[in-house]
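Mind looking over this structure? Questions follow.
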Amino acid sequence: MAFARYRRGPLTLVINRATGQLDSGAPRGQDELILCKGANMATTQPVTDWKKEWFEIEDATYLNTSAHAAMPRVTLRAVQNSIEANKFPHHIDDDVFFEAPIRIRASLSKMIGARPEEIAVTSGAGTGVAAVAHLLTWKPGDEVITAKGEFPVQYATWKPMEEREGVKLTIVAPRDCFITADDLIAAMTPRTRVVSVSHVRFDDGSLLDAARVAAACHAQGALLVLDVSQSCGAVPMNVKNLDADFLVCAGYKWLLSPYGTGFFWVKSEHQDTGRPGPFSWTSQATDSFFAMRYVDPKPSRSAKRWDSGEAATYFNFNLAAMDASVDFVLRAGPELVREHNRKLLELLFEHLPKDCVVASPLDSTQRGPCGSFTARTPEKTVEVYQKLQKEHVVVAMREGKIRVSPHLFNSERDIDRLISVVTS
């Protein structure tokens, strides 16, 4: 077994690098403390029952990962380790300070087929969209296109740009049930500068053909900003195939991380073209206090320049959690999550009572990891949702639809429970 040891005064720190825990076979000191320095805190053993990787939710049937993920056990252990580090900060070397974001970038780069230097560690999807709005040079009359019913981050970012920069925000409604690449492409004009939309919709789970939108954008010199908050970690993706210019993502959904985490991916060709702006003091090119410039700091030329403030240290509980969670998601694999959810959603759709209507694409290739349904009227839909809540079946009500978003800790039994409540 491989152990990491750190001695500060009378304390000896012994960590199993495979588990992130004190190992029973390792020599122990009287006052040992669990810390992780450069260690992968997740087990390297193959997992056959993924449900056991989470704490059991005994008082509810939780089917709401699209709103907020239940964090796995390994993530809670990572937070506990970070708390211990904050209790005894004098036991941590300076080089540990920068390790969490380095590991997060490495894991995310594997997950999306990117390079670590193209990824900024942020506080959520909105941070990334705001960065795009700031770094681009605008001309009055430039057009930004988004979709009707999009997640509020789109409007909160782009609507103020109308007054600030003279930008025109165009909101595209679907011609059929779900927004498609054809809808967005048809709305583009010679003044379109940016198309900013979700990869998977938060309300109906529909999956956008992003590559087609990107091709149309690039054909006329426009850019695609893709929000992957409802897909990254649960839908296999590669930035080369998506061909977007920017990805933004919240961490507290399918990346199984806490609120206040996320990432911003920037295509390499755009990293040196943006307008300069304020940056975090840790967003310099170095990951060492000894090489850091204090009087005249310069931002990194990589995407690190857009890191959120204080997104550098293992002492940050959120980053410690994100580090463990993203590694966990990478080991499980988005492919496994999507296939698992496909089976559960198809079971749901097949057994919904006749007075309910599927409100997501039936073709799983056009759907993300969640699915929605309604009753025959808006009033009846609210009644069904309230009944589910009363019976502790936790789903979400979004844009008049009941959204169901399982994960690997869910099973057919959970879907059966939901159906039994709806039909009762």
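The values are calculated or read from the model by the stated rules, or taken from the named source; none is laboratory data. Remember, predicted model here, so these are calculated numbers, not experimental data. Note: ideal-geometry Cβ built from the backbone for every residue, glycine included; neighbour counts use all protein chains shown. We work out accessible area using only protein heavy atoms, side chains counted, and drop any ligands, DNA or RNA first. Shrake-Rupley method; radii C 1.70, N 1.55, O 1.52, S 1.80 Å.
In the stretch 365-376, which residues are more than 15 Å from Ile415 (Cβ to Cβ) and surrounded by 12 or more Cβ atoms within 10 Å (Cβ to Cβ)?
Once the filter is applied, which keeps residues that are more than 15 Å from Ile415 (Cβ to Cβ) and surrounded by 12 or more Cβ atoms within 10 Å (Cβ to Cβ), the stretch 365-376 yields Gln366, Arg367, Gly368, Thr374, Ala375.
From the residues in the stretch 185-199 that are crowded, with 18+ Cβ neighbours inside 10 Å, in contact with an Asp or Glu (Cβ under 9 Å, 6 or more places away or on another chain) and among the β-branched types (Val, Ile, Thr), which one is nearest to Leu242 (Cα to Cα)?
Val197
Could I ask something else about it? Looking at the stretch 377-385, is at least one residue of a type in the set (Asp, Glu), in a helix (DSSP H, G or I), in contact (Cβ under 8 Å) with a residue 40 or more places away in the chain and open to solvent by 10 Å² or more (accessible area, probe 1.4 Å)?
No.
Given the conditions (1) closer than 23 Å to Ala303 by Cβ; (2) part of a loop (DSSP other than H, G, I, E, B), which single one is not true for Pro174?
(1)
Let me ask you something else. Applying the selection to the stretch 318-339, what residues are out of contact with any Phe, Trp or Tyr (no Cβ under 9 Å at 6 or more places or on another chain) and among the polar types (S, T, N, Q)?
Ser325
Could you list, ordered by first residue, the pairs with Cβ atoms under 6 Å in which the first is in the stretch 399-416 and on the phi < 0 side of the Ramachandran plot and open to solvent by less than 30 Å² (accessible area, probe 1.4 Å) and the second is hydrophobic (A, V, I, L, M, F, W, C) and at pLDDT below 95, at least 6 apart or interchain?
Once the first residue is on the phi < 0 side of the Ramachandran plot and open to solvent by less than 30 Å² (accessible area, probe 1.4 Å) and sits in the stretch 399-416, its partners that are hydrophobic (A, V, I, L, M, F, W, C) and at pLDDT below 95 give Leu408/Trp50.
Just name the residue that is nearest to Thr273 (Cα to Cα) out of those in the stretch 216-238 that are in contact (Cβ under 8 Å) with a residue 12 or more places away in the chain and surrounded by fewer than 23 Cβ atoms within 10 Å (Cβ to Cβ).
Our first condition is that a residue be in contact (Cβ under 8 Å) with a residue 12 or more places away in the chain; within the stretch 216-238, this holds for 216-218, 220, 222-238.
When the remaining residues are screened for being surrounded by fewer than 23 Cβ atoms within 10 Å (Cβ to Cβ), the result is 216, 218, 220, 223, 235-238.
Numbers: Ala216: 21, His218: 16, Gln220: 18, Leu223: 13, Val235: 30, Pro236: 29, Met237: 25, Asn238: 23 Å.
Ranking the qualifying residues of the stretch 216-238, first place goes to Leu223.
Would a scan of the stretch 75-94 turn up a residue that is in a loop (DSSP other than H, G, I, E, B), out of contact with any Cys (no Cβ under 9 Å at 6 or more places or on another chain) and free of Cβ contacts under 8 Å to residues at least 40 places away in the same chain?
Among the residues of the stretch 75-94, not one is in a loop (DSSP other than H, G, I, E, B), out of contact with any Cys (no Cβ under 9 Å at 6 or more places or on another chain) and free of Cβ contacts under 8 Å to residues at least 40 places away in the same chain, which makes the answer no.
Cβ-Cβ below 6 Å, separation at least six or inter-chain, first residue in the stretch 166-183 and basic (Lys, Arg), second open to solvent by less than 50 Å² (accessible area, probe 1.4 Å): which pairs?
From the stretch 166-183, the pairs are Lys168/Glu143; Arg175/Asp183.
Can we say Val197 is within 23 Å of Lys267 (Cα to Cα), part of a strand (DSSP E or B) and among the β-branched types (Val, Ile, Thr)?
On the way: within 23 Å of Lys267 (Cα to Cα): yes; part of a strand (DSSP E or B): yes; among the β-branched types (Val, Ile, Thr): yes.
Answer is yes for this residue.
Just to be sure, is Val213 among the hydrophobic types (A, V, I, L, M, F, W, C), under 19 Å from Leu242 (Cα atoms) and either out of contact with any Asp or Glu (no Cβ under 7 Å at 6 or more places or on another chain) or free of Cβ contacts under 8 Å to residues at least 12 places away in the same chain (or both)?
Yes; evaluated as a whole, the condition is true for this residue.
Separate question: Given the residues Asp182, Asp209, which is the only one that is within 22 Å of Trp265 (Cβ to Cβ), modelled with pLDDT of 95 or more, over 18 Å from the mean Cα position of the chain (by Cα) and open to solvent by 10 Å² or more (accessible area, probe 1.4 Å)?
Asp209
Name every residue in the stretch 98-112 that is open to solvent by 20 Å² or more (accessible area, probe 1.4 Å) and not basic (Lys, Arg), in order of residue number.
Glu99, Ile102, Ala106
Scan the stretch 47-94 for residues that are loosely packed, with under 14 Cβ neighbours inside 10 Å, charged (D, E, K, R) and closer than 20 Å to Pro406 by Cβ and jot them down.
Asp49, Lys51, Lys52, Glu56, Glu58, Asp59
Give me the residue from the stretch 153-173 that is in contact with a Lys or Arg (Cβ under 8 Å, 6 or more places away or on another chain) and among the small types (Gly, Ala, Ser) and, out of that set, least open to solvent (accessible area, probe 1.4 Å).
Only one residue fits best here, namely Gly166.
Okay, moving on. Of everything in the stretch 316-354, what is aromatic (Phe, Trp, Tyr) and open to solvent by less than 50 Å² (accessible area, probe 1.4 Å)? Give them in sequence order.
Residues of the stretch 316-354 that are aromatic (Phe, Trp, Tyr), as a first pass: 317, 328, 349.
Within the stretch 316-354, Phe328, Phe349 meet the criteria.
Okay, moving on. Give me the residue from the stretch 140-149 that is modelled with pLDDT of 95 or more and within 28 Å of the chain's Cα centre (by Cα) and, out of that set, surrounded by the most Cβ atoms within 10 Å (Cβ to Cβ).
That would be Val144.
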